[in-house]
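Novice: Quick one: the structure is below, and I'll ask about it shortly.
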Amino acid sequence: MSQEKSTIPGNHQQVPLKVLAIGSAYEDTILYVDKFPPEDGKQRAQRVEKRRGGNAGNTLTVLSQFPLTQGYFMASMASKDASA
């Protein structure tokens with residue numbers, strides 16, 4: 001039985017990983033409070049932060065931390081008047 005040796009060429013050229021993420025574009029609103037309010041209670045937020053959201057966008061954000069990764073995002077966008 002003969003053994004085959006695999007040879008790996010020494011001059012690899014790394015190619016970018018292209019990722020297309022298809023999903024919805026969202027705007028997340030994060031409210032910061034001192035403590036969790038009681039049930040049916042009201043509490044004023046200490047700070048408000050808005051950032052992009054949605055599974056596809058969040059996934060591309062994480063993947064962008066890897067070298068040679070190119071992220072592409074596809075989503076249908078409604079008019080600003082159509083938002084809830």
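The values are calculated or read from the model by the stated rules, or taken from the named source; none is laboratory data. All figures in this text were calculated on a predicted structure; none of them were measured in a lab. Heads up, the Cβs are rebuilt from the backbone with ideal geometry, glycines too, and the neighbour counts pull from every protein chain shown.
Novice: Within the stretch 66-77, does at least one residue satisfy the condition of being at pLDDT below 90 and either closer than 20 Å to Ile22 by Cα or of a type in the set (S, T, N, Q) (or both)?
Specialist: Yes, the stretch 66-77 has at least one match.
Novice: Can you tell me which residues in the stretch 65-84 are closer than 30 Å to Gln14 by Cα and surrounded by fewer than 12 Cβ atoms within 10 Å (Cβ to Cβ)?
Specialist: So the first thing to find is which residues in the stretch 65-84 are closer than 30 Å to Gln14 by Cα, and the list is 65-75.
Passing the criteria: Gln65, Phe66, Pro67, Leu68, Tyr72, Met74.
Novice: In the stretch 18-56, which residues are touching a residue at least 40 places away in the same chain (Cβ under 8 Å) and of a type outside the set (A, V, I, L, M, F, W, C)?
Specialist: Those that are touching a residue at least 40 places away in the same chain (Cβ under 8 Å) and of a type outside the set (A, V, I, L, M, F, W, C): Lys18, Gly23, Ser24.
Novice: May I pose another question? Please find, within the stretch 13-38, the residue that is farthest from the chain's Cα centre (by Cα) out of those that are in a loop (DSSP other than H, G, I, E, B) and loosely packed, with under 11 Cβ neighbours inside 10 Å.
Specialist: In the first step, residues of the stretch 13-38 are kept if they are in a loop (DSSP other than H, G, I, E, B); the result is 13-16, 23-25, 33-38.
Checking the rest, the ones that are also loosely packed, with under 11 Cβ neighbours inside 10 Å come to 13-16, 34-36, 38.
On the way: Gln13: 27, Gln14: 24, Val15: 22, Pro16: 18, Asp34: 28, Lys35: 28, Phe36: 27, Pro38: 32 Å.
Taking the candidates together, the pick is Pro38.
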